Amino acid sequence: AFGLWAWAVGAAIAAIGWIAMLLVPGTARRRRVGRMLARAGLGSAGVGLALEGEANLPAGPHVLVCNHASYLDAIVLTALLPPRYAFVAKSELREHWLTAKPLRSMETQFVDRFDTARSIEDTRALTARLRAGESLIFFPEGTFGGSEALLPLRMGAFVLAAQADVPLVPAVLEGTRALLPAGAVLPRPGQATLRIGKPLRAGGFGWNDAVALREEARKALESGAREVSKSG
């Protein structure tokens with residue numbers, strides 16, 4: 001019964017949001033509306049929300065990397081983070097009729113994971129957005145599975161942070177996997193918590209600097225995951 005209610009609430013909020021993203025003027029306003037709807041939808045579906053370590057978020061542009069555990073992750077991040085972030089998403093979502101217009105309306109940056117030439121262009125576009133003062137959210141694992149262990153982290157976010165010389169912030173999501181496990185159809189009741197870690201910085205602009213930054217971020221994400229496991 002809870003799962004069916006959660007899906008009904010989610011469908012209603014999604015319909016409202018889809019229309020709002022097309023009618024509300026201005027990216028900043030649309031992002032604020034998206035945050036409001038995400039919070040309302042999760043709250044109405046019985047999902048508790050908590051944000052820890054918000055003081056660790058830099059005032060200026062930065063790259064935030066987060067573990068990926070569930071289809072709910074992006075919704076929870078939208079609900080909990082300030083509306084000054086743009087998501088970086090796989091290019092396939094740009095072509096899907098259900099996600100394309102809403103994501104574009106909030107200026108989501110789509111990236112190609114398999115075309116090298118296109119990836120270089122994507123990196124240039126992302127660097128320009130950071131230099132313009134915008135902050136970006138990555139799921140560096142690229143996907144999620146049934147295991148709680150972190151998957152290999154793709155290099156894009158770390159190369160970008162190193163080349164643009166901006167902080168990289170590790171963040172750990174707790175609870176979304178339990179709310180909607182991989183392969184599950186119906187959501188479950190519970191709470192989602194986002195823990196923001198201390199900002200990291202690359203030692204330089206090169207590839208090796210980006211690799212070192214990735215390894216430092218992985219340690220921070222794994223450490224946060226262990227703390228989450230102990231607290232749960």
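FYI, it's all coordinate maths here, none of it is from the lab. Bear in mind that the values here come from a model prediction, so they are computed numbers and not experimental data. FYI the Cβ positions are ideal-geometry reconstructions off the backbone, even for glycines, and counts take in every protein chain you see.
For region 1-94, the set of chymotrypsin sites (Phe, Trp or Tyr not before Pro) satisfying both a DSSP loop assignment and a count of at most 16 other C-beta atoms within 10 Å is given as TYR71.
Once every DSSP H run of n ≥ 4 in the chain is given -39500 (n - 2.57) and the sum is divided by its residues, what mean residue ellipticity at 222 nm do you get, rounded to the nearest 500 deg cm²/dmol? Helix contribution divided over all residues of the chain: -15000 deg cm²/dmol. Between PRO102, PRO140, PRO82, the residue with the greatest mean-square fluctuation in the GNM of the chain (Cα pairs under 10 Å linked by springs) is PRO82. For region 131-232, chymotrypsin sites (Phe, Trp or Tyr not before Pro) meeting the loop criterion (DSSP other than H, G, I, E, B) and having at most 12 other Cβ atoms within 10 Å: PHE205.
Note: relative contact order over region 1-111, using C-alpha pairs below 8 Å and six or more positions apart, is 34 percent. Let me make sure I get this right: for region 151-232, a, b and c are the square roots of the gyration tensor eigenvalues over alpha carbons, sorted descending. Under 1.5 in a/c it's rounded, otherwise prolate if a/b > b/c, else oblate. Which is it? Cα axes put region 151-232 in the prolate bin.
If R0 is taken as 22 Å, the Cβ-Cβ distance between PHE2 and GLU54 corresponds to a FRET efficiency of 0.15.
Where a ≥ b ≥ c are the square roots of the eigenvalues of the C-alpha gyration tensor, would you call region 15-75 rounded, which needs a/c under 1.5, or, failing that, prolate if a/b is larger than b/c, or oblate? Oblate, because a/c is 1.5 or more while a/b does not exceed b/c. For a paramagnetic label modelled at 7 Å from the Cα of SER44 toward its Cβ, which residues of region 50-81 fall within the zone defined by backbone nitrogen distances under 17 Å? 75-76, 79, by backbone N distance to the label point.
Once log10 I(q)/I(0) by the Debye sum over Cα atoms at q = 0.08, 0.11, 0.13, 0.16 Å⁻¹ is calculated for the structure shown, the corresponding label among [x] -0.28, -0.54, -0.77, -1.21; [y] -0.46, -0.70, -0.86, -1.08; [z] -0.33, -0.60, -0.81, -1.13 turns out to be [x]. Counted as membrane-span-like here are DSSP H helices of the chain whose alpha-carbon atoms extend 27 Å or more along the helix's own axis and whose Kyte-Doolittle mean is 1.0 or above; these are 2-23.
Largest GNM mean-square fluctuation among VAL172, VAL111, VAL211, using the chain with Cα springs under 10 Å: VAL211. Total lysine pairs in the chain at Cα distances under 21 Å, for residues eight or more apart or on different chains: 4.
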